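The values are calculated or read from the model by the stated rules, or taken from the named source; none is laboratory data. Everything quoted here is computed from the prediction, not taken from an experiment. We place every Cβ from the backbone using ideal geometry, glycine too, and count neighbours over all the protein chains shown. Quick note on the areas: whole protein, heavy atoms, side chains included, nothing else; ligands and nucleic acids left out. Shrake-Rupley method; radii C 1.70, N 1.55, O 1.52, S 1.80 Å.
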Amino acid sequence: RMNSEWLMIIGMALVTFAVRYPLLVLVGRIKLSPTVVRALRYVPPAVLAAIITPTIVMPQGTIDISLNGFMVSGIVSILVAWRMKNLLLTIVIGMATLFIWQALFPPA
C-alpha cells in the first residue's frame, strides 16, 4: 500500500514537471513584451482566488453566503491583506479568525 502511494506521488510530480518545464525553458529564451509580463503578475492572485472562493461561498457543497466561519475569515483576510500588505500576517490572522469562529460557534 505504501509503495503505491509513493509511486502515485512521484508520478504526479513527474507529470507536473513534464508539463511545466518546457514552457519555463521557452519563456527563459524569448523576450516577453511588457504587456505580457504585466499580465502575468495577475496569475497567482487569480489562481489563489479560484482555489479559495469555492471554499468560502460553498462550505457544505451548496452556495451559502451566510456568515459562516469560512466567510468571516475570508472577509477578515481580505481586509488584512488590503491594509497590511503582508502575506504571512494575512494567513495567520485568517486562520486564527477561522479557529476562533469555530470555537465560539461549533458546527452542528
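I'd like to know which of Asn3, Val15, Met95 lies farthest towards the positive end of the charge dipole of the chain, counting +1 on Cβ of Lys and Arg and -1 on Cβ of Asp and Glu. Selected residue: Val15.
Counting protein heavy atoms only, the chain has 75 percent of its accessible area on carbon and sulfur, 1.4 angstrom probe. Which angle between 0 and 90 degrees, to the nearest 10, do you get for helix 2-29 versus the longest principal axis of the chain when only C-alpha atoms count? Orientation of helix 2-29: about 60 degrees from the principal axis. Taking all Cα pairs closer than 8 Å and separated by 6 or more residues, the relative contact order of the chain comes to 15 percent. With the convex hull of the Cα atoms taken as the outline of the chain, the averaged projected area works out to 11.2 nm². Rolling a 1.4 angstrom probe over the protein heavy atoms with all chains in place gives the chain an accessible area of 85 Å² per residue. Rolled with a 1.4 Å probe across the full set of protein chains, the surface gives Ile51 an accessible area near 110 Å².
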